[in-house]
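Worksheet: the structure to be examined is printed underneath.
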Amino acid sequence: MKIAIPYQNGQVFPHFGHAPQFKFYTIESGMILHTEVVETAGSGHSAVMRGGVDTLICGSIGAGAQTAVAGANIRLYAGVSGDADKAVLALLAGKLVHDPTAVHCGHHDGEHHCGGHHCH
C-alpha cells in the first residue's frame, strides 16, 4: 500500500490542491516501511497520480480532484486534520474514517479555486 498526504510542517495540509509538499508512506504488512516528503513545485494533483499511490488522506478536496482520484482507483479519506503520521497510524488501526462533508472545499469565502476547479 502507498499512502499520500498533502503535507506541511508535520501536519495534514488542509487543502489538497494547494499543498506545498506531499508525504508518501509505503506500507507493508500493516507497518510503515518507508516515508518520503516531496515538494509539489506547483504540480499538485500529479504528484499523487503517479507513483503507485492507492490511498489519499487529506483535508478538503475539490470536485475535480475528487473525480481524478476516483478515476485513478485511489481510496479517499477526506476531512482529516492534525498530525500526518498519526493519521496514517489511525488508518492502519482501522480508526480513520472518510468525512463526505469535507469532499468539497467549502471553507473559503468568496471566489477561490480548488485544484484548478471552482469550489461549490
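The values are calculated or read from the model by the stated rules, or taken from the named source; none is laboratory data. The structure presented is a predicted model; accordingly, all values stated were derived computationally and were not measured. Cβ coordinates were reconstructed from backbone atoms using ideal geometry, including for glycine residues, and neighbour counts include every protein chain displayed. Please note that ligands, DNA and RNA were not included when accessible areas were found on the heavy atoms of the full protein model with its side chains. Shrake-Rupley method; radii C 1.70, N 1.55, O 1.52, S 1.80 Å.
Annotations
- Note on the stretch 4-51: among residues that are more than 25 Å from Gly94 (Cα to Cα) and in contact (Cβ under 8 Å) with a residue 60 or more places away in the chain, the one that is most open to solvent (accessible area, probe 1.4 Å) is His18.
- Gly51 on the phi > 0 side of the Ramachandran plot and more than 13 Å from the chain's Cα centre (by Cα): yes
- One residue stands out in the stretch 74-102 among those that are charged (D, E, K, R), at pLDDT below 95 and in contact with a strand residue (DSSP E or B) (Cβ under 9 Å, 6 or more places away or on another chain): the one that is surrounded by the fewest Cβ atoms within 10 Å (Cβ to Cβ), namely Asp99.
- Residues being modelled with pLDDT of 80 or more and of a type outside the set (Val, Ile, Thr) - total across the stretch 34-51: 3
- Residue list for the stretch 58-73, filter: in a helix (DSSP H, G or I) and either among the aliphatic types (A, V, I, L, M) or open to solvent by 30 Å² or more (accessible area, probe 1.4 Å) (or both): Ala63, Ala65, Gln66, Thr67, Ala68, Val69, Ala70, Gly71
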